[in-house]
Each structure stands twice: as C-alpha cells, then as structure tokens.
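Taken together, the values in this text are just the output of simple stated rules run on the coordinates, not laboratory data. Bear in mind that the values here come from a model prediction, so they are computed numbers and not experimental data. Cβ sites come from the backbone with ideal geometry, for glycine too, and all protein chains shown count toward neighbours.
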Amino acid sequence: MQITLETIYSELQKMKKEIEEIKWMLIPEEEPDDKEKEVIEEFLRNEKEGKTEYVDLKDLIEELSE
C-alpha cells in the first residue's frame, strides 16, 4: 500500500472534523444558569453520597417498548 500526501491530508481532515465534534461536547458555549448549576450540584452531591441510580439502556428500551 502506497501512502500519498492526499491520503494523509484526507485522514487529517477526518481527524480534524472528529476533534471539532468532540470539542463542542466538552466545552460549554455559555455558562450554565442558576437552575442548571443547581441541578449539577445536586447530581454531584447525590453521586458523592451514593444515591445516584444508573439505568441499563437495554432494560430501559425493553421497558418502554412494553
């Protein structure tokens, strides 16, 4: 297999696009408002106290389809 500059460029463009897609998920565009901050703080407090319940996605799909 011969690697050309076009192949490298194409792969770099794909990687750049993937990075951009991930970046917007990691960096909020604006500061959360007071209600959002309250929800986040409550979640973190519940997580720390072990009160957070996690749901298996497969179980949820089955439950909703019934």
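Taking K and R as +1 and D and E as -1, what net charge do the other residues with C-beta under 15 Å from the C-beta of K48 add up to? Don't skip to the end; give the middle numbers.
Values: positive: R45, K51; negative: E41, E42, E47, E49, E53.
Residues close to K48 contribute a combined charge of -3.
In the chain, helices alone account for a calculated mean residue ellipticity at 222 nm of -23500 deg cm²/dmol, with every DSSP H run of four or more residues adding -39,500 (n - 2.57). If you bin all the Cα-Cα distances of the stretch 5-65 at 5 Å, starting from zero, the percentages per bin are 3, 13, 9, 11, 13, 17, 13, 8, 7, 5, 1.
If we count every other residue with Cβ under 13 angstrom of D59's Cβ, Lys/Arg +1 and Asp/Glu -1, where does the sum land?
Residues near D59 contribute -4 overall.
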